[in-house]
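**Student:** I'd like to ask you about the structure that follows.
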Amino acid sequence: MKRILKVVFMATFALVLSFSSQSQSYVSMMGNPNSNFYQIQDSFNAYWNGRTIEKGKGYKAFRRWEAYMEPRVYPTGDLTIPSQTYENYVEWSKSKTKVKGGAIVKSVAGNWALLGPVGKPGGGGAGRINFIRFDPVTSTTMYVGAPDGGLWKTTNGGTSWTTNTDQLAVIGCSDIAINPANNQIMYLATGDSDGSDTYSTGVLKSTDGGATWVATGLAWTANQGRTISRLLINSANPLIVMAFGSSGIWRTTNGGTTWTQPAGTFTGIMDAEFKPGDVNTIYAAGTTFRKSIDGGVTWGASIATGLTGIGRLSIAVTAANPAYVYVLAAKSSNAGFLGLIRSTNSGGAFTTRMASTATNNILGWDNGSDAGGQGWYDLTIAASPTNAEEVYTGGINIWRSTNGGTSFTLNTHWFGGYSKPNVHADIHDIVFLPGSGTSLFSGNDGGIYKTTNSGTGWSDISSNLAIAQQYRVGLSTSNEGLLVTGHQDNGTNKMNGTTWTEIYGGDGMDCFIDRTNNNIIYGSYVYGEYYRSTNGGTNWTAINTGIPNGTNSQEWLSAWHQDPVTATTIYAAGRPAMYKSTNSGTNWAAVGTPTGTGNVIAPSNNQVIYALKTGSNAVSKSVNGGASFTSVSTGLPTTVSPTDVAISNTNPNIVYVTYSGYTAASKVYK
């Protein structure tokens, strides 16, 4: 989201194109393990057919998920298959020696050290943060959770962070609840509720401040496809804990030993809050708003919101007026802003504070004038604990209201546009520092940010968080301390010695360093948009003349490779045909049509090229520099997806193919 070069990467239709009443049904299907991948894919394609594809509308968020999932579920489309990783881990761990805390003693010695990047490498971002929570004793101790990077803790307000959850079978987490009477007792919601990067194995418990974790009675298998969005702990009786998520409400009265579902529970819950100062009154919402007045024992019927076409709701309460309840709503049709409503009688009834118009889309990527959003993926709201009329909302950007939500002004912008502070896009959580009306924190796709002056200025406090999701690594052939990496929504980053810098923004995909010149670096964006730098990443030139790029007719990650003999020759994959450039990417021309779209060139013979396609069983070979291809799939499996090819440095006929999927005997072929 930080790349400014293209505000619209598929602007093929006018912005006035109407968003039809067809809903984003693929969103709810993604969270349902009984859905089939190919049906979800068809639903997505049908929804976006003929629409303008813009930034900040959830298009890329789905395509990331699609690219991750497709090779894992081929050819059945069964979404429960990838979760076998967890079951396999459990089976493996039973055969290993355990030490205190349940840690596994590795059977093979290793000597690994973190290279990074950590935090915000020279302008980039750390990675996605789902939640921010404070220790009930001291607010300088904070916890943040990542969708695939575990739980992290700071004891100095964000100056430095540590984690000890790397050995959990599922390291995604969506919330934490801490016992206010004993901050050594805490509960962790596993999985990723916003993006389904990981599924939940239930709620874990720690009795030593997070040093070790054990399963509670709310224990699931990942292949059930469940997620937890919120954990609440009863401050008057900390043995009562409630988990809210895709499968409804779960409640324990004995500190997690056993859990039951209360009367009136409902599914698809994305947010929940206690009424300030009242542990008996609890609010919960997904696409409807519900309320309990007996501490979560029973839940009433849906309370009218005055809104129709709800895709997702988020709740905010305030100690400045405990009777206030704010609810932010995203549309089901396009995930843009639907409305902001408020109750002044503890959720008994609501009135609309601001309805959706053509100029107030506070969930869009711009200044409110664009349509749609990605409220299914990032949606949050916070109310000041000292001023009940002050409200902040998060979607792509952060917006602020000082009049109880009747109007908003842009507070932050994803690249610092409109003279607003730059806070990374995709806001998943906004929280106030306990007791403060001016200090806030934002958890987003770039890490964690802080303001101490109500949003006038923001600073990144991601420090040494190591939570980036990397697509590719490209190495220098002459300098072991020089490499480039492509990151999900956090740029193309370069390590030189021990120093990391972001050298290109947006989603960083396949990248490499020229094997003859370390100053020449090649980077790419989604759908095969290629770029070249001749000065080590300081400046970039687009090199896409003659090659299809930037649309969904290309693969999400469109691989490309430098010829092992002639450095100025490059081959590009990810398209129906293979493309070749003989002038370092300045111009391209199609060559042969392989049965696959990923390509690898034999180091010892640049006329030999192998191609494969994930999400299929296609592997093919060219012996004439890509001019023509023939299938070489004999002996290879047909029910798992190929993922990569490696060719011998000395013999182009010795080839290895790796496979995704979960068939024990189908992993590596030679």
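**Student:** At pLDDT below 95, surrounded by fewer than 21 Cβ atoms within 10 Å (Cβ to Cβ) and either of a type in the set (S, T, N, Q) or within 19 Å of the chain's Cα centre (by Cα) (or both): is that true of Asn156 in this structure?
**Tutor:** no
**Student:** Please list, ordered by first then second residue, the pairs with beta carbon atoms under 6 Å, 6 or more apart or interchain, first in segment 422-437 and farther than 27 Å from Val137 by Cα, second aromatic (Phe, Trp, Tyr).
**Tutor:** Val423/Tyr449; Val423/Trp458; Ala425/Trp414
**Student:** Considering only strands (runs of 3 or more DSSP E) fully contained in segment 563-670, which possess at least 2 residues that are small (Gly, Ala, Ser) and at pLDDT below 95?
**Tutor:** 619-622
**Student:** While we're on this one: So Gln470 fits all but one of (1) over 16 Å from the mean Cα position of the chain (by Cα); (2) surrounded by fewer than 17 Cβ atoms within 10 Å (Cβ to Cβ); what number is the exception?
**Tutor:** (1)
**Student:** Got a sec? Which strands (runs of 3 or more DSSP E) wholly within segment 217-321 have at least 1 residues that are open to solvent by less than 50 Å² (accessible area, probe 1.4 Å) and of a type in the set (D, E, K, R)?
**Tutor:** 228-233, 248-252, 271-275, 278-285, 289-292, 310-317
**Student:** State which residue is farthest from the chain's Cα centre (by Cα) when the search covers only segment 120-153 and only residues that are among the aliphatic types (A, V, I, L, M) and in a loop (DSSP other than H, G, I, E, B).
**Tutor:** Looking at the filtered set, the residue picked out is Val137.
**Student:** Something else: Name every residue in segment 568-589 that is at positive phi and in contact with a helix residue (DSSP H, G or I) (Cβ under 7 Å, 6 or more places away or on another chain), in order of residue number.
**Tutor:** Gly574 - this is the single residue of segment 568-589 that is at positive phi and in contact with a helix residue (DSSP H, G or I) (Cβ under 7 Å, 6 or more places away or on another chain).
**Student:** Considering (1) open to solvent by 40 Å² or more (accessible area, probe 1.4 Å); (2) closer than 21 Å to Asp148 by Cβ, say which one Val214 fails and leave the rest.
**Tutor:** Only one criterion is unmet by Val214, namely (2).
**Student:** Same structure again: State which residue pairs qualify: first residue touching a residue at least 24 places away in the same chain (Cβ under 8 Å) and inside segment 314-342, second residue acidic (Asp, Glu) and assigned to a strand (DSSP E or B) in any location, beta carbons under 7 Å apart, and separation of 6 or more residues or different chains.
**Tutor:** These pairs meet every condition: Ser314/Asp271; Ile315/Asp271; Ile315/Glu273; Val317/Glu273; Pro322/Asp278.
**Student:** Let me ask something else about it. Based on this model, can you work out whether Asn182 counts as of a type outside the set (D, E, K, R), at pLDDT below 95, surrounded by fewer than 24 Cβ atoms within 10 Å (Cβ to Cβ) and not in a strand (DSSP E or B)?
**Tutor:** Spelling it out, it is not the case that Asn182 is of a type outside the set (D, E, K, R), at pLDDT below 95, surrounded by fewer than 24 Cβ atoms within 10 Å (Cβ to Cβ) and not in a strand (DSSP E or B).
**Student:** So is Gly506 closer than 27 Å to Lys621 by Cα, in contact with a strand residue (DSSP E or B) (Cβ under 6 Å, 6 or more places away or on another chain) and in contact (Cβ under 8 Å) with a residue 40 or more places away in the chain or not?
**Tutor:** Considered against the rule, which asks whether it is closer than 27 Å to Lys621 by Cα, in contact with a strand residue (DSSP E or B) (Cβ under 6 Å, 6 or more places away or on another chain) and in contact (Cβ under 8 Å) with a residue 40 or more places away in the chain, Gly506 comes out as no.
**Student:** Looking only at segment 360-387, count every residue that is within 17 Å of Ile310 (Cβ to Cβ), without any contact (Cβ under 8 Å) to a residue 60 or more places away in the chain and not aliphatic (A, V, I, L, M) and tell me the total.
**Tutor:** Qualifying residue count, segment 360-387: 1.
The values are calculated or read from the model by the stated rules, or taken from the named source; none is laboratory data. Predicted model, so just to flag it, every value in this text is computed and none were measured. Methodologically, a virtual Cβ is constructed for each residue, glycine included, from the backbone with ideal geometry; neighbour enumeration extends over all protein chains shown. Side chains included, ligands, DNA and RNA excluded: accessible areas come from the protein's heavy atoms. Shrake-Rupley method; radii C 1.70, N 1.55, O 1.52, S 1.80 Å.
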